[in-house]
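The values are calculated or read from the model by the stated rules, or taken from the named source; none is laboratory data. Values in this document were obtained by computation on a predicted structure and should not be read as measured data. Cβ placement follows ideal geometry from the backbone for every residue including glycine, while neighbour counts extend to all protein chains displayed. SASA here: full protein model, heavy atoms, side chains in, ligands and nucleic acids out. Shrake-Rupley method; radii C 1.70, N 1.55, O 1.52, S 1.80 Å.
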Amino acid sequence: MKNLNVAIKPLFLAVMFAGFVLAGGCDQKSARAPVEKYKYAVILSMQQGGSLLQLYDADGNFLDSKRLKASGVDENGSAYLNGPQYENGKWYIGVASDAKSQDFVLELDPETLNVKDVPANVGNRYQYTGYAVDGDRLYAFYSTPDRGAHIIKSSLSSGKMAKQTEIRHNILYHIIPNHGFLIFLSDSDDPQDPGMYLRIVDGDSLKIEKEFKNPDYLFPRDVLLIHDKLYMVPLLDASERETNQLLIFDLKNENWETVRLPFQNARYLRLTDHKLYIFEENTDADHHTMAIMNLKTNEIEDTVTFDYEAKEVLFDKDTMVSGSDGKVYIYDLKTLKLKKAFAIKNADDWMFGSLLVRPE
């Protein structure tokens, strides 16, 4: 899975693959080369000055870059956005500039690198702080102190709003699609009723079907649905102190379980080979720790520390790909030994936004 709101008219983003032309000009064949050869893509961003999509080959060689007309890409402008979502064969990427309202989600085709904006239909007063894609549905949401959480359902194909609702006295952090239903994870903003809420919601009507409260924790930073269990890492306990707990909610049995982690400030949850990888965010130091949990026993089998702060972590077949402010690191997943690393071009002039690995 980095640190954990503002919208205006949609900006049309067009990044045609023929537009990826290397400096100095080239013919049609070489113009297509970056799109055909890229393995990794990095998005760098500013709060006001747009974003930069960079392409690298499998060896980490820089191929080309293209400006995007969107600021605050991914989570640079918001505490809640949780990286690109891969659905329908496309990447969906949030924008959350704190200086300019943007009422759209980026849709990026990994094969052609065509980019377009999908209306979030939030309006020009607030910026969405999270979103989820489920088939042709886009769910965008934001929270306000006076009215709570606002959820807007739109059609990806038409761009039109289909439904909207509000949940009073709630700060919404995550929407997780689950077989026609949605799971909402939020905090209460009522000081007389603190705690974290998990709600099961009908995906069509947006009506709440069930509601569960955990009064002991707040601010779930990342969440992962694995079969019938929801895994989440809250930042704070009920006393608003940083916690080192992983929470598990069994959707069938409707009960909670906790697992103690070897660190506080957990940020990302990733799944591969029947193991859960939990990554620490360490903004005050030049390192981070990863814990590996056995999903059958819920035991932490191993911990590994790396000498940089992780901004994003992805799995690609037998490799683990991690991005920092200035480099991308590729590890052998079985041994966790570093296979290669490459520098991100112009990293000193832009903020890290997203790391993408071309799907196969």
Selection from the stretch 122-135 of residues that are under 13 Å from Q102 (Cα atoms) and open to solvent by 40 Å² or more (accessible area, probe 1.4 Å):
N124, R125, Y126
Please find, within the stretch 248-289, the residue that is farthest from the chain's Cα centre (by Cα) out of those that are closer than 23 Å to Q85 by Cβ and among the aliphatic types (A, V, I, L, M).
L251
Q264: passes all of (1) in a strand (DSSP E or B); (2) touching a Ser or Thr at 6+ places or on another chain (Cβ under 9 Å); (3) open to solvent by 50 Å² or more (accessible area, probe 1.4 Å) but (1)
Subset of the stretch 127-168, residues outside any strand (DSSP E or B), out of contact with any Ser or Thr (no Cβ under 7 Å at 6 or more places or on another chain) and at pLDDT below 95, comes to Y128, P145, D146, R147, R168
Regarding the stretch 30-38, can at least one residue be identified that is out of contact with any His (no Cβ under 6 Å at 6 or more places or on another chain) and at pLDDT below 50?
yes
Taking the condition assigned to a strand (DSSP E or B), farther than 23 Å from A41 by Cα and of a type in the set (A, V, I, L, M, F, W, C), does A285 pass?
no
Determine, yes or no, whether F104 is of a type in the set (F, W, Y), modelled with pLDDT of 80 or more, surrounded by 16 or more Cβ atoms within 10 Å (Cβ to Cβ) and within 21 Å of D348 (Cβ to Cβ).
no
Can you name every residue in the stretch 302-354 that is assigned to a loop (DSSP other than H, G, I, E, B), among the aromatic types (F, W, Y) and open to solvent by less than 30 Å² (accessible area, probe 1.4 Å)?
Y308
Restricting to the stretch 168-202, name every residue that is charged (D, E, K, R), closer than 23 Å to R137 by Cα and loosely packed, with under 14 Cβ neighbours inside 10 Å.
D202
Among the residues of the stretch 153-174, the number that are in contact with a Gly (Cβ under 9 Å, 6 or more places away or on another chain), among the aliphatic types (A, V, I, L, M) and under 24 Å from G72 (Cα atoms) is 3
Return yes when L63 is closer than 28 Å to M161 by Cβ and either open to solvent by 10 Å² or more (accessible area, probe 1.4 Å) or at pLDDT 90 or above (or both) and no when it is not.
no
